[in-house]
1. If I take the Cα coordinates of the chain and project them onto the principal axes, what are the three extents in Å, biggest first?
2. Roughly how many debye, to the nearest 20, is the charge dipole of the stretch 1-102 about its Cα centre, given +1 on each Lys and Arg Cβ, -1 on each Asp and Glu Cβ, and no other charges?
3. At a temperature of 20 °C and a viscosity of 1.002 mPa s, determine how fast the stretch 99-141 diffuses translationally according to Stokes-Einstein, using the Kirkwood radius over alpha-carbon pairs as Rh; express D in µm²/s, rounded to the nearest whole number.
4. Express the accessible area of the chain per residue in Å², computed with a 1.4 Å probe while the remaining protein chains stay in the model.
5. Work out from phi, with θ = phi - 60° and the Karplus expression 6.51 cos²θ - 1.76 cosθ + 1.60, the ³J(HN,Hα) of each residue of the stretch 153-159, listed in order in whole Hz, and give x for Gly and Pro.
6. Considering every Cα-Cα pair within the stretch 145-206, what fraction, in whole percent, is farther apart than 14 Å?
7. Can you give me the % of accessible surface on the chain that is carbon or sulfur? Probe 1.4 Å, all protein chains present, nothing else counted.
8. Hey, any idea what the orientation-averaged projected area of the convex hull of the stretch 1-99's Cα atoms comes to, in nm²?
Amino acid sequence: MEVLHNGQYFTPTAPKARNTLALLLSRVNEVVEIPALIDELWSDNPPRSAVTTTQTYIYQLRKMLGRALGPEAARPVLVTRAPGYRLQIDEELIDARIFERLAREGKRLLVAGRPEEASHRLQQALDLWRGPALSDVTTGRVLEAHVVQLEEMQLDALQLRIQADMELGRHRELLPELRSLVAAHPLNEWLHAQLITCLKHCGRRGEALQAYQALRRVLDEELGLQPSLPLQRLQQYVLSEAVDERAPHPPMRATA
């Protein structure tokens, strides 16, 4: 998490002040109740001074905003609104919100049959990521749920961008990325299916079959499962000698 204004960094250094700011940012322009802040900061073991200590962190954040924006401009940014506090800023100033908007636009473009534009828009969204969400914040259970949501959205945007690129026939270009992704997400059958399909389209049928067998072993060892029916059909497609464009492909992600 970074707070940047006019080329200068104003990110709080105190861990619990960072937690407080991160929670306010995750619910920007909404009232965050004091109990939610206390739950994030101390979970099941809040001190007896939890309310006043939380007020101290809010005071620290207001001082930070004052240094960044000036006292007058900062006053309406972080306000007290019963039963808690609200951070009032333009959502286009928050990378996570920009990512969400670009990802939605990319999905709409893909559904509309415009894969070139969709791929570009989705990659713009993904380029905003520089690592795991809130990796430098010691998150409590409230923010942990937000991090999981963001990372699921990132994976969804990534899969949609891969789908767009496959519709554009970029099978060879996708191979290095897909090999890396299946290593990072060994139980994600959709990613494995795209790797197998790309290898087949590149004339590397033997490697495609090896990729299927690798998935089968992982699923069996980790979960005691066999590949899903669409993956089994994809294996049969790879085994076939003739390339039939109507052959079964794994289900894609974009829906209206």
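The values are calculated or read from the model by the stated rules, or taken from the named source; none is laboratory data. It should be emphasised that the depicted structure is a prediction, and the values quoted were computed from it without experimental measurement. Neighbour counts are summed over all protein chains in view; Cβ atoms, including those assigned to glycine, are modelled from backbone coordinates with ideal geometry. Just the protein is used for accessible areas: all its heavy atoms, side chains included, with ligands, DNA and RNA removed. Shrake-Rupley method; radii C 1.70, N 1.55, O 1.52, S 1.80 Å.
1. Cα spread of the chain along its principal axes, largest to smallest: 71, 40, 30 Å.
2. 420 debye
3. Rounded, D is 187 µm²/s.
4. That works out to 55 Å² for each residue.
5. 5, 5, 5, 4, 5, 5, 5
6. 58 percent
7. Here carbon and sulfur together make up 51 percent of the probe-accessible area.
8. Value for the stretch 1-99: 6.4 nm².
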